[in-house]
Amino acid sequence: MPFTTKRQALSLTADEKQRLESLRRSRSGEKRETLHAGILLDLARGESDGAVARVNGVNRHTVALCARKFLQFGLEAALGELPRPGKSRRIPDDAIAWVLSCACEKPKALGYAYELWTYSLLQEHVRKHCVEAGHPSLTELSRSRLHRILTQGEIRPHKIRYYVERRDPEFEPKMAEVLHVYKDVEIINAELLEGTLKEPPVVTISYDEKPGIQAIATTTPDLPPVPNQFASHLRDHEYKRLGTVSLLAGLDLHTGRVTEIVSDRHASADFIALLGKLDESYPPQTRIRLLLDNHSAHISKQTQDWLSVHPQRFEFVFTPKHGSWLNIVEPGFRS
């Protein structure tokens, strides 16, 4: 149909006009149907292609195509999309679902020596067993098509992602206890800021250890900056290893002060040394509450014996097993 500035008005029945008016006013209808309804109504009033295109924010080709579909195929065709030529899908949905189900199994369960699928192995398996599974369309499955199937199914059978299972049966109540401690700290800090509280009756320390920190030393002295030549100190890439150390640190959740020790290990004796340092850092009447994980050094007989000599001084609140991320000091060790 040629583009003209004026078109013979389209003829709409009363029912067609009522439906188009409803579609044009709809706020929840499909955008294409709403747009085409407006174009057909404007054309039915005798508007030109150009005028209709301007009012509806489209080009004249869209207007002419909509009108042509209405005249040749009827209202439904004008509101929607015409069927497009092309080959039918070679791999049906049930075959794709079978491929995805295979990818979700471990190769070992199907008799292979591999722990995880490779694309080549999965492709070979699908081609070999597709006919007996009732999916002959997969006999010539290509690697690229397999990749598309897995991508669309959001499956990566050649990858492993790690997670932590909640193995602590008391995870919820222990987590609630930790969160209550944080709320208590928030209330105490607010009173300290307002001046209604001079000294916290309980000091809360977020405590953890970071073992295996590399201790290294330079092999040559650093070179100083040189004007117009080297803007910063220069350090040789070579270094020597001095072993590893452990950092034991407690973060005061009221002041932000950190109490720490560095040790070759993080055994009970080292933990006790940190407790002793905390004991010396706070007034005798202040109770010290520690948020900490379930490391064996925290509950050992040696630690319990030391605590028995300091009754009513320390209180331990343990994070749930595999829940040490609830401890605020953790991000400090990752930085």
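The values are calculated or read from the model by the stated rules, or taken from the named source; none is laboratory data. Note that the structure is a prediction, hence the values are computed from the model and not measured. Glycine gets a Cβ as well: all are built from the backbone with ideal geometry, and neighbour counts include every protein chain shown. The protein model used for the area step is the full one, side chains on, heavy atoms only, and it has no ligands, DNA or RNA in it. Shrake-Rupley method; radii C 1.70, N 1.55, O 1.52, S 1.80 Å.
Among the conditions (1) out of contact with any Leu (no Cβ under 7 Å at 6 or more places or on another chain); (2) on the phi < 0 side of the Ramachandran plot, the only one that G134 does not satisfy is (2).
Of all residues in the range 314-331, which are over 22 Å from I272 (Cα atoms) and small (G, A, S)? Selection gives G323 alone. Scanning the range 16-51 for residues that are farther than 15 Å from L75 by Cβ and within 47 Å of the chain's Cα centre (by Cα) yields R25, S26, R27, S28, K31. If you go through the range 108-122 and keep only what is free of Cβ contacts under 8 Å to residues at least 40 places away in the same chain and either under 17 Å from D94 (Cα atoms) or out of contact with any Lys or Arg (no Cβ under 8 Å at 6 or more places or on another chain) (or both), you end up with K108, A109, L110, G111, Y112, A113, L121, L122. Can you tell me which residue within the range 167-198, out of those that are assigned to a loop (DSSP other than H, G, I, E, B) and surrounded by 14 or more Cβ atoms within 10 Å (Cβ to Cβ), is modelled with the lowest pLDDT? Once the filter is applied, the top-ranked residue is D168. For the range 138-147, the set of residues classified as over 15 Å from S101 (Cα atoms) and not in a loop (DSSP other than H, G, I, E, B) consists of R143, S144, R145, listed by residue number. Within the range 119-159, being among the hydroxyl-bearing types (S, T, Y) and in contact with a helix residue (DSSP H, G or I) (Cβ under 9 Å, 6 or more places away or on another chain) holds for Y119, S120, S137, T139, S142. A Cβ distance below 9 Å, combined with a sequence gap of six or more or placement on separate chains, defines the contacts here; from the range 30-45, residues that are under 12 Å from T62 (Cβ atoms) and without any contact (Cβ under 8 Å) to a residue 40 or more places away in the chain reach residues that are polar (S, T, N, Q) and open to solvent by less than 50 Å² (accessible area, probe 1.4 Å) in the pairs L35/N56; L35/T62; G38/N56; I39/N56; I39/T62. Of all the residues in the range 6-20, those that are at pLDDT 85 or above and open to solvent by less than 60 Å² (accessible area, probe 1.4 Å) number 3. Would the range 237-256 turn up any residue that is modelled with pLDDT of 90 or more, under 30 Å from V185 (Cβ atoms) and surrounded by fewer than 12 Cβ atoms within 10 Å (Cβ to Cβ)? The answer is yes; a qualifying residue exists.
Is the range 66-80 home to any residue that is in contact (Cβ under 8 Å) with a residue 24 or more places away in the chain, farther than 30 Å from R156 by Cα and surrounded by fewer than 12 Cβ atoms within 10 Å (Cβ to Cβ)? Checking the range 66-80: not a single residue is in contact (Cβ under 8 Å) with a residue 24 or more places away in the chain, farther than 30 Å from R156 by Cα and surrounded by fewer than 12 Cβ atoms within 10 Å (Cβ to Cβ).
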